[in-house]
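J.: Dumping the structure here so I can ask a few things about it.
The values are calculated or read from the model by the stated rules, or taken from the named source; none is laboratory data. Every value quoted in this text rests on a predicted model; they were computed, and no experiment measured them. Methodologically, a virtual Cβ is constructed for each residue, glycine included, from the backbone with ideal geometry; neighbour enumeration extends over all protein chains shown. Side chains included, ligands, DNA and RNA excluded: accessible areas come from the protein's heavy atoms. Shrake-Rupley method; radii C 1.70, N 1.55, O 1.52, S 1.80 Å.
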Amino acid sequence: MAIARAELARRARDVARRVVAEWLEPQATGPAGEDPAGAAAEPASPGWATALAGSGATGYRDRVSRLDLVAVGPTPAVERLRGRLAPHGEPGEPGSFHRLPGWAGGGHLALLTWDELAAAAAHPTEAAVVLLGAAEPLLDPGGRLAAALAPLRELPPSWYRQQVARRYRALRRRTASMAWNLRRGQALAFLAGFVQWLEHFLLLCRYADGEPPVDRKWLLQAAMRTSLGRQCRADLYALFSGLGEIATLGGSYDPKENRLYGTIARLHGQLAAALRQRGLLDERDEAREETP
């Protein structure tokens, strides 16, 4: 059963208070009890702020979802914590990623300095938008965190155009590479390339509607809610149904005769036409076959 939004926010705020007061601040204390954040005893001190992140903030939370938090603090305290907390997952940006303690639910913690947050907001990457674009402040003395997050909530059209150009070039290269994989009978390489191709395609569906990126685990369902996703839904589901043909490479080593590649090429064409119609595709990014 889904938890009500108000109840989720209350629980998250209670957990965030304990995380700061009982876990972060004690470990950020320097030698001989020195506190690099300024000897602040209250969890809601000006040095620290927290936000709800992940599925709880983006609306994809279900009954088995864990609570994910973002914690922003002074540089000396954050650096000391990074030396004491085990990293979790693959290194990324912005900030660092760790696992919350079991009593806090064992979810993810993104740890940033105020300077790192300011840099992420000034020059937002896809990763920064995924992590912080929907984050909801929980403990935010003076509204400093909300103000810092504001630029990531309302991304300008130029940001989406830049991402469309970058992702479309990558999709075009991947389409060509998969054709090359077919000609050489490379089933595993074809499948690995397909996963990358699909991520580019789904993100382009989001960007075509001016919608921000979401974490990979929710990307398919998020893309299917867009106008372009609805338009391509039948072919996308047919493509998934046809993945069993990977063992025989879609029936042919010739891309022109291959069923899987035919669906991929058709979806590529639909995407290019839709982006072109919306003025999001530069003539230099028109579809053409490339050698990998």
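J.: Report ³J(HN,Hα) in whole Hz for each residue of the range 153-159, in order, from the Karplus equation J = 6.51 cos²θ - 1.76 cosθ + 1.60 where θ = phi - 60°; Gly and Pro get x.
T.: The phi angles translate into 8, 10, 7, x, x, 4, 5 Hz.
J.: If you take every DSSP beta bridge whose two residues both sit in the chain, what share of them, in percent to the nearest 5, is antiparallel?
T.: 70 percent
J.: If you rank 256, 217 by how much accessible surface each has, with a 1.4 Å probe, what is the order from largest down?
T.: In descending accessible area the options line up as 256, 217.
J.: Hey, what number do you get for the chain at 222 nm if only DSSP H runs of n ≥ 4 count, each worth -39500 (n - 2.57), divided across all residues, to the nearest 500?
T.: Calculated at 222 nm, the ellipticity per residue is -16000 deg cm²/dmol.
J.: Once amide H atoms are placed 1.01 Å from N in the peptide plane, what residues at a sequence separation of 5 or more from residue 47, or on another chain, have their amide H within under 5 Å of its amide H?
T.: none
J.: If you build the convex hull over the alpha carbons only and average its shadow over all orientations, what do you get for the range 157-288? Give it in nm² to one decimal.
T.: For the Cα atoms of the range 157-288, the hull's average projected area reads 7.4 nm².
J.: Order of 80-93, 227-240 by packing, highest average Cβ count within 10 Å first?
T.: 227-240, 80-93
J.: Ranked highest first by the average count of other Cβ atoms within 10 Å around their residues, in what order do 172-178, 187-193, 200-206 fall?
T.: Highest-to-lowest ranking by the protection proxy: 200-206, 172-178, 187-193.
J.: For the chain, what is Rg from Cα atoms divided by 2.2 N^0.38 Å, rounded to two decimals?
T.: Working it through for the chain, the quotient is 1.18.
J.: Quick check: at a probe of 1.4 Å, how many percent of the accessible area of the chain sits on carbon and sulfur atoms?
T.: C and S atoms contribute 53 percent here.
J.: Ranked from highest to lowest mean number of other Cβ atoms within 10 Å per residue, what is the order of the peptides 69-76, 161-168?
T.: The densest-packed peptide leads the list: 69-76, 161-168.
J.: While we're on this one: Rounded to the nearest Å, what's the spacing between the alpha carbon centres of the range 155-186 and the range 221-280? Just the number, please.
T.: Using only Cα atoms, the two centres lie 13 Å from each other.
J.: Take every Cα pair under 8 Å in the range 157-288 that's 6+ residues apart, average their separations, divide by the length, and report that relative contact order as a whole percent.
T.: Averaging sequence separation for qualifying contacts and normalising by length gives 28 percent for the range 157-288.
J.: Along the range 161-178, what does the Karplus equation 6.51 cos²θ - 1.76 cosθ + 1.60 (θ = phi - 60°) give for ³J(HN,Hα), rounded to whole Hz, x for Gly and Pro?
T.: Each residue's phi maps through the Karplus curve to give 4, 4, 5, 4, 4, 5, 5, 5, 4, 5, 5, 4, 5, 5, 4, 5, 5, 5 Hz.
J.: Each residue of the range 131-146 in turn: what ³J(HN,Hα) in whole Hz from Karplus with 6.51, -1.76, 1.60 and θ = phi - 60°, glycine and Pro shown as x?
T.: Once rounded to whole Hz, the list reads 6, 10, x, 10, 4, 10, x, 10, 10, 8, x, x, x, 5, 5, 4.
J.: Suppose a student asked you for the relative contact order of the chain, using Cα pairs under 8 Å spaced at least 6 residues apart; what percent would you report?
T.: Here the relative contact order equals 15 percent.
J.: Let me ask something additional. How large is the accessible surface per residue of the range 153-236, computed with a 1.4 Å probe and reported in Å² as a whole number?
T.: For the range 153-236, the per-residue accessible area is 46 Å².
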